[in-house]
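I have placed the structure first, in the form of structure tokens, so that the comments after it can refer back to it.
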Amino acid sequence: MTMKTQTGTSRRDFLKIAGTTAGGLVIGFNWFSCDSPKMEVLSIEQVLAQAKSFNSFLSISPTGDVVIYSPNPELGQNIKTSFPMVVAEELEADWEKVRVVQANLDPQKYERQLTGGSGAMPHSWERLRKAGATAKFLLVAAAAQSWNVPASEINVSKGMISHEGSGKKGHFGEFVDLASTLTAPEEVTLKDKKDFTIIGTPVKNVDAKDMYTGKPMYGLDFHREGMFYAMIQRAPFGMKISQVDDSAARGVLGVTNVVTFGSSVAVVGTSTWPLMKAKKMLKISYEPDGVVESTTDHDKLFTDLLANGKGDVKRKDGDVASAFKSAAKIVTAEYQCPFLAHSPMEPENFFAHVQGDKVELVGPTQTPDRARQETARLLGIPPENVSVEITRLGGGFGRRLRADYVVEAVEVSRAIQAPVKVTWSREDELTGGAYRPAVRYRFEAALDAAGTLIGYKLRGVGMNAGNTTRETNFPSGAVDHVLIESIEHASSITTNAWRAPITNFLAYAEQSFLDEVALAVGKDPVDFRLELLNRAKTNPVGALGYDVDRMIGVVKMAKEKSNWGKNSSIKQGFSVYFSHKSYVAQVADIEVSGGVPTLKKITAVTDCGLVVNPTGANHQVRGGIVDGMGHAMYTNLTFEAGVPKQRNFDTYRLIRLKEVPEIETHFVDSGFDPTGLGEPALPPTGGAIANAIFAATGRRLRSQPFIEQKEFSDIQLQIKRG
Amino acid sequence: MANFTLKVNGTTHQVEVEDDTPLLWVLRDQLNLVGTKFSCGIAQCGACTVHVNGNATFSCVTPVSSIGNSEVTTIEGLSKDGNHPVQKAWEEVDVAQCGYCQAGQIMNAAAFLEQNPSPTLEEIDNAMNRNICRCGTYHKIREAVSLAAKSK
């Protein structure tokens, strides 16, 4: 059914744009269909020069070209394609006449202009629809006025407006002048979801052509005449500079300056390569500045804090002590993960040009407003004096939520009084901080004589992890007696959100532990979870952060699609997790032949509400699984005296093409509005694989990465490439 | 500093750089051909892949002084309008997520298919295993290389 909705919930979305100007890195595309009313393909600049603004998201030119602004940073989550699809759907635009432009930072026009938490689509879904529907309303009103017919008799389809009675017909462009002078309505009617023609179809990436022909579009590609390049040597964690000898570095041809600020030393020059050489010639002495930590220290800290640390109680249901006292069986296990770097393929970089009390910033950021705010704070200038142009991001994974690398570029530009682009090397990226925190969990389960889970204890210790637990997540709500505690260690090693923060490992630990508990009482791991979920549904204990029915939905569908337990030669591992408002269940299949286990397939069932773009959704689920699998299996980051030992991809091992099995994806048609998918498919993967490895070999993997565990070393797990 | 005459994408360029400057940085900083990407700098990820006399080459570890008269092709010169069969297959399959590694993937695939026009899946896997994609688009990469092989 159609839905009437107020347009005025967010005024800023509907501010008219005075003079539509595009940013420097404008990416348009020109797939005109043969029967388009105008055959001439205009450049995006030509279109924008004559386009009329309808709202913050939308301008339309008299040629009928539709320009849709995508405000959120694009880092591979496909928002730059899926956001415009939603606007175009309600506008009834011809997708082939849509050009997409990445908007610059503009809090006057856009809310939540950031990429993180898989939150863009749920936040903007209705706003985008209204933006399209409002413009359509105005175009129809203009056509009705021009033709002197009732608006209710007008039909709109694929960028064409028509009136059957009079036989009149025209494209959007013919009405933009009049339409853009009309007043936006108080409320608009949104389309019935069953009438969608763009949403739900596999629309291709709007930047595809530019990406595949090498057009400049990433931050690292940005160039400004007269700009300098810079690279920075940063101090080890827990250290500060005591002395700098930069004489050799200054002698490198192409180096123009060396600048020291805080605990960093920047070499500045006219191209990148001389800086890479000069940076190695810096002679910097450091002295301790706080505690200098190594991985061995962390291991001791985990043991000590789990045993003796005072936990911050996150959840307390019932009487845990009595439950464990009366238990027929108790299962206990500890799980641990290392620090991880984000390692986006595009290393950190940013362009900054400080001129008096104004700053121009260009580059890859997930949080352009944070870049602005931190720059303004550093320089003591009003935030509006800082402009931020958002380039396409060569990955993010949470790394570019921080603005440390932006502020550095501002520091260097201020010092040399010139425009500068700071580039990080891969070694800088892996040693520079902002890691996924190392965490250890202890789980304890109390079961009664019937094998029912009556008590559940979770204690998590993290290195700068904040709260290591998620107290309203499953199995909370399904157990009478629960105690969840979180213990924090303030480490000198800096951490940051990393794709699916905390849950990227908590899900693995929890889903593996539930497997251990189910098997300890002789229950099928899927039935055991369903038993708990039914309890949470019929008689929930305390607050639940998840929708029990939706979780049961993905569990049941995954059981069916994976043929769970139906083929005795296939050993399977199950995992299900709710994060970032979406539900994902996964099953890993391992076949054992001649004593050799082979990981053959992962089946994933996702409930993210309505799927906006099936191609994008598939990408996010498969990519999340590959990411979750790769880091569970292969990747480690360890420290010696505050310095990471893995400094590039030769030792910091990322998953490769030959290590990826078949991944089969399914989506539940749950009827809910869309939720995000950048993160939710990652958390369940490690658990599904670890549980399958246990089913196939009897080896329980309680630490990551698997390849460094002695329980894994003689398994010789093969992967059948999919 | 030394002068080098380079043949890149069919055009001759003069550059004045140090002998040890990797081809990658000559392309990016001197010739403003930024389609070739920097990522690891040690020949581990393949983002910097170009063709040197038709062979897929890690430009991040290839000193400019080693190029001589060789023909260098970058992603910008792979085809005139992005219509190389591999580029078309990449569009058709809609391979990219963030897209940063894809120029290197395409250059590797194009050189590979030139030398092995009808590869088995196994051969595709072996050839493409040298390029890392952090977003995990590996399934689509395999699919696109297979498609390009069929359409050539």
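Over the residues of region A:322-479, compute the C-alpha Rg and express it relative to 2.2 N^0.38 Å.
After normalising by residue count via 2.2 N^0.38 Å, the value is 1.54.
From the residues A:A352, A:G553, A:N504, which one has its Cα farthest along the dipole of the protein assembly as shown in the positive direction, the dipole being from +1 and -1 charges on Cβ of Lys/Arg and Asp/Glu about the Cα centre?
A:G553
Take the alpha carbon atoms of region A:205-270, find their center, do the same for region A:564-583, and report the distance between the two centers in whole angstrom.
One Cα centre to the other: 45 Å.
Among the lysines, which have Cα under 30 Å from the Cα of A:K310 when same-chain residues fewer than 8 positions away are ignored?
Once the sequence-local lysines are set aside, what remains near A:K310 is A:K300, A:K325, A:K329, A:K457.
By DSSP, what percent of the beta bridges with both residues in region A:439-719 are antiparallel, rounded to the nearest 5?
65
Are any of the pairs A:K279/A:K421; A:K561/A:K600; A:K130/A:K158; A:K52/A:K215; B:K88/B:K150; A:K645/A:K720 more than 20 Å apart by Cα-Cα distance, and if so, which?
In this structure, A:K52/A:K215; A:K645/A:K720 lie more than 20 Å apart at Cα.
Work out how much length A:E711 to A:L253 would gain on full extension: take 0.36 nm times their residue separation and subtract the Cα-Cα distance, in nm to one decimal.
So the extension gain works out to 159.6 nm.
Excluding A:A520 itself, calculate the net charge of residues whose Cβ lies under 15 Å from the Cβ of A:A520, where each Lys or Arg counts +1 and each Asp or Glu counts -1.
Result for the local shell: -2.
Using 1/(1 + (r/R0)^6) with R0 = 56 angstrom and r between the beta carbons of A:S43 and A:S326, what's the FRET efficiency to the nearest 0.05?
Efficiency at R0 = 56 Å is approximately 0.15.
Of the beta bridges DSSP finds with both residues in region A:276-390, what % are antiparallel, to the nearest 5?
The antiparallel fraction comes to roughly 50 percent.
With +1 on each Lys and Arg Cβ and -1 on each Asp and Glu Cβ, how big is the dipole of region A:439-719 about its Cα centre, in debye rounded to the nearest 20?
The calculation lands at about 420 debye.
Under a cut-off of 16 Å between alpha-carbon atoms, report the aspartates and glutamates in cross-link reach of A:K566, not counting same-chain residues fewer than 8 places apart.
A:D524, A:D527, A:D589, A:E591
Per residue and in Å³, how big is the convex hull formed by the alpha-carbon atoms of chain A?
Cα convex hull per residue, to the nearest whole number: 175 Å³.
Can you tell which of A:Q108, B:P85, A:L532 lies farthest toward the positive end of the dipole of the protein assembly as shown, using +1 and -1 charges on the Cβ of basic and acidic side chains (Lys, Arg; Asp, Glu)?
Of the listed residues, the answer is A:L532.
Please report the antiparallel percentage of the DSSP beta bridges confined to the protein assembly as shown, to the nearest 5.
Counting only bridges with both partners in the protein assembly as shown, antiparallel ones make up about 75 percent.
Can you give the charge dipole size of region B:1-144 about its Cα centre, rounded to the nearest 20 debye, using +1 on the beta carbon of Lys and Arg and -1 on the beta carbon of Asp and Glu?
180
Which net charge results when you count Lys and Arg as +1 and Asp and Glu as -1 among the other residues whose beta-carbon is under 13 Å from that of A:R721?
Taking every other residue near A:R721 into account, the sum is 0.
For A:D607, what charge total do you get from the other residues with a beta carbon under 15 Å from its beta carbon, if Lys and Arg give +1 and Asp and Glu give -1?
-1
Where the only charges are on Cβ atoms (+1 Lys, Arg; -1 Asp, Glu), what is the dipole of the protein assembly as shown about its Cα centre, to the nearest 20 debye?
My answer is approximately 780 debye.
Do the sum for chain B: with -39,500 (n - 2.57) for every DSSP H run of n ≥ 4, divided by all residues, what is the mean residue ellipticity at 222 nm, to the nearest 500 deg cm²/dmol?
Taking each H run of at least 4 residues, the total per residue is -9000 deg cm²/dmol.
So what's the back-of-envelope 222 nm ellipticity for chain A, counting only DSSP H runs of four-plus at -39500 (n - 2.57) apiece and dividing by all residues, rounded to 500?
Calculated from helices alone, the mean residue ellipticity at 222 nm is -9000 deg cm²/dmol.
Among A:S579, A:A478, A:A695, pick out the residue whose Cα is farthest towards the positive end of the charge dipole of region A:439-719, where Lys and Arg carry +1 and Asp and Glu carry -1 on C-beta, about the Cα centre.
Positive-most Cα among the choices belongs to A:A695.
Bear in mind that the values in this text are calculations on the coordinates, not laboratory data. If you're wondering where the values come from, they're calculated on a predicted model, not measured in any experiment. Here the Cβ is made from the backbone with ideal geometry for all residues, glycine too, and neighbour counts use every protein chain on show.
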